[in-house]
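Taking it in order: structure first as structure tokens, then the write-up.
The values are calculated or read from the model by the stated rules, or taken from the named source; none is laboratory data. Because the structure is a prediction, the values reported are computed rather than measured. Cβ atoms come from the backbone with ideal geometry, glycine included; neighbour counts cover every protein chain shown.
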Amino acid sequence: MIILDTDLMIDLLREYPPAVTWLESISEEEIVLPGFVVMELIQGCRNKGEQERVKRELSSYCVEWPSSDICDGALSVFVRYYLSHGIGILDTIIGQMAVALNLPLYTFNKKHYEVIPGLKIVQPYDRSSQ
């Protein structure tokens with residue numbers, strides 16, 4: 001089981017070839033999308049047609065929401081690192097969700113997450129040509 005961040009889902013929705021190839025290579029892996037990732041993707045839609053397309057594309061993924069314990073852990077991380085590192089609220093919750101579930105977070109936004117203790121970040125394909 002793996003957790004995907006918003007940036008990877010954007011690559012997949014845009015059918016970026018390295019992202020599609022990577023997804024095909026892990027076809028047996030269960031993918032979890034934090035509910036906040038889904039909300040960020042919907043927030044990026046410019047019209048109802050895009051929104052319907054995103055909803056349709058995401059219907060095959062497992063969407064999970066953080067428990068209150070995960071939110072408590074995220075609050076602790078946020079208080080500790082917001083002033084010193086400017087960590088975002090949603091990034092903190094998404095990262096803490098991965099930590100609590102003992103799963104890697106697949107993202108290219110390493111800077112957003114690197115201060116979260118115990119978080120394993122994976123960049124699954126080369127983005128240098130993007």
Take the residues in segment 1-55 that are of a type in the set (Gly, Ala, Ser) and in contact (Cβ under 8 Å) with a residue 12 or more places away in the chain, then tell me which one is nearest to LEU103 (Cα to Cα).
GLY35
Counting only residues in segment 43-86 that are among the β-branched types (Val, Ile, Thr) and under 30 Å from PRO117 (Cβ atoms), the one surrounded by the fewest Cβ atoms within 10 Å (Cβ to Cβ) is identified as VAL79
Hey, VAL32 hits all of (1) of a type outside the set (Lys, Arg); (2) modelled with pLDDT under 95; (3) in contact with a Phe, Trp or Tyr (Cβ under 6 Å, 6 or more places away or on another chain) but one; which does it fall short on?
(3)
I'd like to verify a number: residues in segment 104-130 that are touching a residue at least 60 places away in the same chain (Cβ under 8 Å) and closer than 15 Å to MET1 by Cα, how many?
6
Do the conditions hold for ASP91, that is, is it closer than 17 Å to TYR113 by Cβ and out of contact with any strand residue (DSSP E or B) (no Cβ under 7 Å at 6 or more places or on another chain)?
yes
